[in-house]
Amino acid sequence: MNLHIIDEIPNHLREVAPAELHQVLPGPTLLRIRGEKEPPLFICTLLHGDEPTGFLAVQQLLNRYTQQDKPLPRSVWLFLGNVAAARDNLRHLPDQPDYNRIWKGGPLPEHRLVEELLAILKSNKLFAGVDIHNTSGQNPHYACVNKLDGPFINLGKLFSPMIVYFTRPEEVISRALADICPAITVESGQARDPFGVDHVLDFLEQCLALDAIPTNASNPTEPRVYHSIARIEVPDNCRIGIGETCRKTDFNFIENLELMNFVEQAENTLVGWRRNPDLKLAVVDEQGQDVSENFISYTNEEIRLIRSVVPSMLTTFIPNVMDDCLGYLMQRYALE
Ligand SMILES: [Zn+2]
C-alpha cells in the first residue's frame, strides 16, 4: 500500500461522486495544488468513507477557481483518505482499520502510509491543518482541537463558536498534526445535509484568504469550549434497539438520543433501558479508566445519568455504535 503524491488536479477529480473517486485516484493520495501564497493549507478529508461533505466542498472550491481561471489564494495540500471505503459509502471496509485511528504508529501497511505522509508534512512548513468530517448523529457544526493554544482556538472559531477539546483518542490525525501546525477537526453535521457543504466551503475560502491565523484581538468573540471527558462504549456483539418497544435486545436507547447532543443534561436524565442485567455500558475517561460508576446508574431497567453533563456525537446509527462508540460526555471548559 503506497502513498500517492500528485502535483496537479487529476482529470475528473472535480466532478466525480465520492463513490466514483476510486476511478480517479488509486488509493490514499496527497494532492499538492499550487496557489498564490505559501506555505500550504493542509486539508484532509474522507478518512471516513461515508463522510463526503469535505470532499464535496473541496470540489466546489476547486471548480470555483478553475472556472475563473484563477489560482487558489494559497497553496493547498489535500489528502484524500479512504477512497476504497468511499466506493461503498462505509466508514471503513471490514478488513481495514479506521483511518482516523492510525496516526500514532502501529504494524499495519496503513500505519506506514500515514507515517510517510506525516514525514512529508513535517519536512515542509504548513499554514494550518483542517480535517473535515461528518457525524452520524444529529449535532450542531463544531470544531475540535487537541491543544488550547490561541491559534488552534482562533482557527476553530472561524468554523463555529462551539469548540470541543479532547486528548483521547490519541490516534487521530488532528493530534498528529497539532505537533506540526495549528490544526483542527471540523464536524460538519450529517453527510447528506447540503448546508454542511456550503458551510465548509465558506470556511475553507476564509482560511485561504488569511495572511495569518486570526488572533484574539481580531476576533474577540468568546467561544463555547467543551472538554470531552469520557466516551460511552457498548459491549462487543450486544444487541441494541432504539426506542422502548423492542424487547429482544440487550440495550435500548431513547428515541431522541441525538437531540441530547450539545445540550446540558440534568442529573438523573433517562438515556435508555438495560434489558440484559449481565451486561454494562463502559464509560471510559481520557486516561482509559472505566469511570462508569461516576456517570451511569441502573435502576430496574432504566439507564440514567448520575450527574449533569453535555453529551456529543451520540448516535442511533447502530453500525457506528458497534464500531466506535455511542457518544461522548463533555463538560463546559473555562478558557483562561
Ligand atoms: Zn469521521
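Every number in this text was worked out from the coordinates using simple rules, so none of it is lab data. Bear in mind that the values here come from a model prediction, so they are computed numbers and not experimental data. All Cβ positions, even for glycine, are placed from backbone atoms using ideal geometry, and neighbour counts span all protein chains on display.
Couple of notes before you dig in:
- Ratio Rg/Rh, restricted to the stretch 4-222 and using Cα atoms, in which Rh is the Kirkwood radius: 0.93
- In the chain, the longest principal axis of the Cα atoms and the axis of helix 194-209 are about 50 degrees apart.
- Each of Val24 and Ser123 was given a label point 7 Å from its Cα along the Cα-to-Cβ line. The distance between the two points is 2.8 nm.
- Stokes-Einstein D in µm²/s, Kirkwood radius over Cα pairs - the stretch 229-333 at 10 °C with 1.306 mPa s viscosity: 117
- Cα-projected label distance for Glu8 with Asp198, points at 7 Å along beta-carbon direction, nm: 3.5
- Within a straight-line Cα-Cα reach of under 23 Å, Lys125 can be paired with the following lysines, leaving aside sequence neighbours fewer than 8 residues apart in one chain: Lys37, Lys104, Lys147, Lys157.
- Other residues whose C-beta falls under 14 angstrom from the C-beta of Pro169 contribute a net charge of -4, scoring Lys and Arg +1 and Asp and Glu -1.
- Helix-only [θ]222 nm of the chain, DSSP H runs n ≥ 4, -39500 (n - 2.57) each, per residue, nearest 500: -6500 deg cm²/dmol
- Cβ crowding within 10 Å averaged over residues, with 178-185, 235-242 ranked highest first: 178-185, 235-242
- For the stretch 64-163, the gyration tensor built on C-alpha atoms gives a rounded shape. Its axis ratio a/c (a ≥ b ≥ c) stays under 1.5.
- Those lysines that a straight Cα-Cα span of less than 29 Å connects to Lys280, excepting residues fewer than 8 apart in one chain: Lys248
- Pairwise label distance in nanometres, Asn300 with Tyr333, each label 7 Å out on the Cα-Cβ vector: 3.9
- Mean Cβ neighbour count within 10 Å, used as a protection proxy, ranking 290-302, 36-48, 117-129 highest first: 36-48, 117-129, 290-302
- Computed from the C-beta positions of Tyr65 and Gln287, the FRET efficiency with R₀ = 41 Å rounds to 0.35.
- Of all DSSP beta bridges in the stretch 4-222, antiparallel share, percent nearest 5: 25
- Extension gain, Ala217 back to Arg239 (0.36 nm per residue minus Cα-Cα distance, nm): 2.8 nm
- Inter-part distance where the stretch 1-71 and the stretch 97-176 are each reduced to a Cα centre, Å: 18
- The angle separating the long axis of helix 109-122 from the principal Cα axis of greatest extent in the chain is about 50 degrees.
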